[in-house]
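Data block below; observations after.
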Amino acid sequence: MNIHDTSRYHDVHARSMRDPEGFWGEAAREIDWIEPAKKIFDPAMGLYGRWFTGAVVNTCYNALDRHVASGRADQVALIHDSPLADPAAPSTVTKLTYAQMLHEVQALAAVMQDFGVAKGDRVVLYMPMVPEAMIAMLACARIGAVHSVVFGGFAATELATRIEATRPKLVFSASCGLEPGRFVHYKPLLDEAIRLSSVKPDGCIILQRPQQQCELVAGRDHDWAELRRNAIAAKKSAPCIPVLATDPLYILYTSGTTGKPKGVVRDNGGHLVALKWSMFNLYGVEPGEVFWCGSDIGWVVGHSYIIYAPLFHGATSIMYEGKPIGTPDAGSFWRVISQHHAAAFFTAPTAFRAIRKEDPEGNFIRRYDLSKFRTLFLAGERADPPTVEWAEKQLKIPVIDHWWQTETGWCIAGNPVGLGMLPVKHGSPTVPMPGYQVDVVDEAARPLPAGTMGSIVIKLPMPPACLPTLWEQDERCKEAYFNEFPGYYKTSDAGYKDGDGYVYVMGRTDDIINVAGHRLSTGGMEEILASHPDVAECAVLGVKDAIKGEAPCGFLVLKAGVTRAHAEIEKEIVALVRDKLGPVAAFRLAITVARLPKTRSGKILRGTIKKIADGDEWTMPATIEDPKVLEEIEGALKGRV
């Protein structure tokens, strides 16, 4: 196979490696700068150098003002779709044009200034998936305030640690979030977090949702709608505040952290340039088209591709307050794509496994007109080949896996639709994006040959938009990411590259298990388990073994409608792994469960399952979707390990 034939990728990537300053300097022409960079890249600044040093810019201006000025005032900027807001309706849809969004942001930014919020001050958002969350984030960017969004699934203790770490002047929150069949009571969690924190914000602005109101604390809490109404009546409007390209735009704490949280810093300039570049070159989306990222604003994917990148590009962004199944059925994604004419959709593989489990034949897909839908993108965890194959077969469009991290803010390895797609290889997110030199190395940071498993690392300097540091923790940043492999950023992912340069991410470094001295990938085993016709989703992890140190254990969730005996299927799974991997895998234990414990963003909590299986002490993860699942896992493990 010659992968050089039709794509411009190889030439573009080679140029980004040969002349990074020329490459990113050219990409920066797509941004409206107040003052251009004195240096495109300054290797003497920061932990490994900084991009666009000396440049002055405003992120909100590039997201809104310039589009209103250039003819997109009446184009829809945001479509908010909630199947949960009104139980009597299929969905409640709110649309805001670029002009309307700008008007709302100008007013809210003025309200923030009335509270004394100025450039460099931090503002915490603890919000559900509502348009006001986007408005608040852009309002922060407008006046140079640094936002820190805390995922609405975090408990009070987690929120308190983030308030302690950022010392916010202001907190934005809401009376409630909506989940199928229940409310998430945000306000009591916020009150408890503030009580626990030694840092007290000057004020809290609370969105009272019609589904459930909350009590406001006198002197501290303020009604969002009332503040908005008064600001608009008084014609208050905040102008864009110039900031340096190297000034922070936001702080985002990585999920699952314990102890002192790890706050990834995103700067203004590099973030603008890389995300704007990605919208066409990676995702193949034109200005004016509809782009849907099915993440949550509390995660990096939501920051980058619900809030910022589509608006930098002049596209229309969809924000969805619902689930892949159960709101009301396994056709909810197709309804949104069809109704709002989305050209591209970006979600997690977990969502597709849930849909496949409920609708294995894809019957819901054929109920909707998906003629405008061109490309499906998957990220957030490894996309197992059976799920990708199922989506390709059902949708008959390209299904593209890509790999990135909170720390990078955008794609590390992907298949660049705008540059011309490369051949898809199932199990690989394809190739490094321009700006990234991805190597696979051994413990001494020596590059390994093709096909050899090792630690995946990124050669320094990182491209624009990647973290310059952790919030007020330079030393911790060096220790976490740069010290172990000198000259590289440590991804903490393990995998290999093939002879064509395709990257294969097989799991976190912690997910590589050592069975009697053999390093085995749990991701590779999960691929085998998922290939069984009765399996909807699975997780493999290493559990303690007195002889071998660790032994693999597979957890299976079966497809809807499977009635065969579980023991029979488990026996077939063990034989399948033995057949595909050989006896070296020592795979003898497959356990059927009704469901797997997940975070509310859909990631399987493998670490917690492992602790339960090993009999170690464990704590309830802050982001778990349903704590009762862990009791089910404990029950399934009894007598088996």
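Summary of values
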read-out: Residues satisfying the stated conditions in segment 365-377, i.e. part of a loop (DSSP other than H, G, I, E, B) and under 24 Å from the mean Cα position of the chain (by Cα); value: F373, R374
read-out: Restricting segment 255-271 to residues that are basic (K, R) and at pLDDT 75 or above, the residue that is nearest to T469 (Cα to Cα); value: R266
read-out: Wholly within segment 194-254, strands (runs of 3 or more DSSP E) carrying at least 3 residues that are within 15 Å of Y126 (Cα to Cα), modelled with pLDDT of 95 or more and in contact with a Phe, Trp or Tyr (Cβ under 7 Å, 6 or more places away or on another chain); value: 203-207
read-out: First in segment 124-144 and free of Cβ contacts under 8 Å to residues at least 40 places away in the same chain, second anywhere and in a helix (DSSP H, G or I) and acidic (D, E), Cβ under 8 Å, 6 or more apart; value: I135/E104
read-out: Residues located in segment 1-40, provided they are under 21 Å from G269 (Cβ atoms) and either in contact with a Gly (Cβ under 6 Å, 6 or more places away or on another chain) or basic (K, R) (or both); value: R15, S16, R29, A37, K38, K39, I40
read-out: Contacts under 8 angstrom Cβ, first residue in segment 198-219 being in the same structural domain as P188 (by TED's automatic domain parsing) and among the acidic types (D, E), partner loosely packed, with under 14 Cβ neighbours inside 10 Å and in a loop (DSSP other than H, G, I, E, B), 6 or more apart; value: D202/G116
read-out: Matching residues in segment 392-433 - criterion: being closer than 27 Å to Y253 by Cβ and surrounded by fewer than 21 Cβ atoms within 10 Å (Cβ to Cβ); value: Q405, T406
read-out: Leading residue by the ranking (nearest to L244 (Cα to Cα)) among those in segment 3-38 that are of a type in the set (K, R) and surrounded by 12 or more Cβ atoms within 10 Å (Cβ to Cβ); value: R15
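Matching residues to (1) over 30 Å from I297 (Cβ atoms); (2) at pLDDT 90 or above; (3) in contact with a Phe, Trp or Tyr (Cβ under 6 Å, 6 or more places away or on another chain); (4) in a loop (DSSP other than H, G, I, E, B):
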{"position": "R564", "(1), (2), (3), (4)": "yes, yes, no, yes"}
{"position": "E572", "(1), (2), (3), (4)": "yes, yes, no, no"}
{"position": "S601", "(1), (2), (3), (4)": "no, no, yes, yes"}
{"position": "A622", "(1), (2), (3), (4)": "no, no, yes, yes"}
{"position": "D626", "(1), (2), (3), (4)": "no, no, no, yes"}
{"position": "V629", "(1), (2), (3), (4)": "no, yes, no, no"}
{"position": "A636", "(1), (2), (3), (4)": "yes, yes, no, no"}
{"position": "V641", "(1), (2), (3), (4)": "yes, no, no, yes"}
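The values are calculated or read from the model by the stated rules, or taken from the named source; none is laboratory data. Since this is a predicted model, take the numbers as computed values, not measurements. Methodologically, a virtual Cβ is constructed for each residue, glycine included, from the backbone with ideal geometry; neighbour enumeration extends over all protein chains shown.
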